[in-house]
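The structure under discussion appears below in the form of structure tokens.
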Amino acid sequence: MNKKVIEREKNKILQDLKNTGFASSHVYFLLTDEEIKLFEDNKKYFEKMKNSPQIKERSRRIKEGNPIKDKSKYYEISQYEFLSRALTLEDSSFIKLYLNETFLDIADQYLGQEVKIRNVITWIHPENPNRLLTHSQRWHRDQEDDHNLRIWIYYSEIKEENGPLKYIKESSHGMKNSFLWPNIENNKWTTHGYLDQKAKNKIPTKDIASAVGTIGTIFLVDTNGIHCGGSVEKGDRIKSMATYLKPSAYQIVNGPLYTFNHNAEKVNNCDYDSEAYKNLNEREAGSLK
């Protein structure tokens, strides 16, 4: 992709984030040709994941309404169910892709500091007959800090029936819709992130954005703002995600997100002595600390 096109797209995204906390793009507008190759490499990972016997079985059970309930979010399948361990730098190109210069530039400029990356996750959400929304399917704020940046990349087409992310524009800290639910103040949270019914009744429907998109769509969202994910009614929702935070973020300072390896068993495990890590540049390596 032409550098001028990427720069123009980056500026548009930053303006959208500043105005609403919500922005979108596509791999063909925002990534270089080399980074597109990383994206294609990740598509192969998801094909293997989707077709592995254990994931086929978990998907079948979810689709039949008889899920394996070995975790609270039984309806989602992550890398741990596929790999039986955390995601590393050597597992396809997910972490490497989220280290790309454009993503880091956007995160640094939006958050105002050189960022840290947390929770690089690969997900499959199969069709789910259970219409009772729970956990992150309910309206809520994420509570890592007063502002954050999550970047999702789609590896399947996500329509309304796939239960896309819904986001209330201008609901992050300091914006007009932040009043809907208590936010972090003086570096402290006063309540949990989930909205009660009284708050939900006040949501301005005109400010709700729906994150629908084709394969390769990228959503960049400040999830201190109020958002929710839906239940998949048809097909599979396949995507990856990473979170970008200021080093001073509430959950980096106070836990549990002290380091990139905060959950080295099930989420991410970076071997700082590995060749893969030593081959990163200074900026990339620093974001994984």
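General remarks:
Yes/no matrix, rows are residues, columns are (1) within 18 Å of the chain's Cα centre (by Cα); (2) at pLDDT 95 or above:
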position	(1), (2)
79	yes, yes
85	no, yes
100	yes, yes
128	no, no
142	yes, yes
149	yes, yes
153	yes, yes
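- Filter pass, residue 198 being farther than 15 Å from residue 23 by Cβ, free of Cβ contacts under 8 Å to residues at least 24 places away in the same chain and not in a helix (DSSP H, G or I): no
- Of all residues in region 230-289, those being open to solvent by 30 Å² or more (accessible area, probe 1.4 Å), of a type in the set (A, V, I, L, M, F, W, C) and part of a loop (DSSP other than H, G, I, E, B) number 1.
For every residue, the table says whether it meets (1) of a type in the set (Asp, Glu); (2) within 25 Å of residue 229 (Cβ to Cβ); (3) in contact with a helix residue (DSSP H, G or I) (Cβ under 8 Å, 6 or more places away or on another chain); (4) without any contact (Cβ under 8 Å) to a residue 24 or more places away in the chain.
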position	(1), (2), (3), (4)
6	no, no, yes, no
19	no, yes, no, no
30	no, yes, yes, no
35	yes, no, yes, no
42	no, yes, yes, no
45	no, yes, yes, no
53	no, no, no, yes
72	no, yes, yes, no
77	no, yes, yes, no
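- Filter result for the condition that a residue is over 17 Å from the mean Cα position of the chain (by Cα) and of a type in the set (Gly, Ala, Ser), over 242, 264: 264
- When residue 108 is tested against (1) surrounded by fewer than 17 Cβ atoms within 10 Å (Cβ to Cβ); (2) free of Cβ contacts under 8 Å to residues at least 12 places away in the same chain, only condition (1) is not met.
- Elements of type helices (runs of 4 or more DSSP H) in region 1-83, at least 2 residues being open to solvent by 50 Å² or more (accessible area, probe 1.4 Å): 3-20, 27-30, 33-51, 53-63
- Residue in region 117-140 that is under 19 Å from residue 207 (Cβ atoms) and open to solvent by less than 40 Å² (accessible area, probe 1.4 Å) present: yes
- Among (1) of a type in the set (Phe, Trp, Tyr); (2) in a strand (DSSP E or B); (3) open to solvent by less than 10 Å² (accessible area, probe 1.4 Å), the one test that residue 103 misses: (2)
- Top-ranked residue of region 170-193 - restricted to ones that are at pLDDT 95 or above and outside any loop (DSSP other than H, G, I, E, B), ranked as nearest to residue 19 (Cα to Cα): 176
- Matching option when the condition is under 18 Å from residue 24 (Cα atoms), surrounded by 21 or more Cβ atoms within 10 Å (Cβ to Cβ) and of a type in the set (Asp, Glu), among 222, 207, 145: 222
- Within the option set 144, 161, being of a type in the set (Asp, Glu) and touching a strand residue (DSSP E or B) at 6+ places or on another chain (Cβ under 6 Å) holds for one residue only, 144.
The values are calculated or read from the model by the stated rules, or taken from the named source; none is laboratory data. In this text the structure is predicted, and so the values were computed from the model without any measurement. Please note: Cβ atoms are built from the backbone with ideal geometry, for glycine as well, and neighbour counts cover all protein chains shown. Side chains included, ligands, DNA and RNA excluded: accessible areas come from the protein's heavy atoms. Shrake-Rupley method; radii C 1.70, N 1.55, O 1.52, S 1.80 Å.
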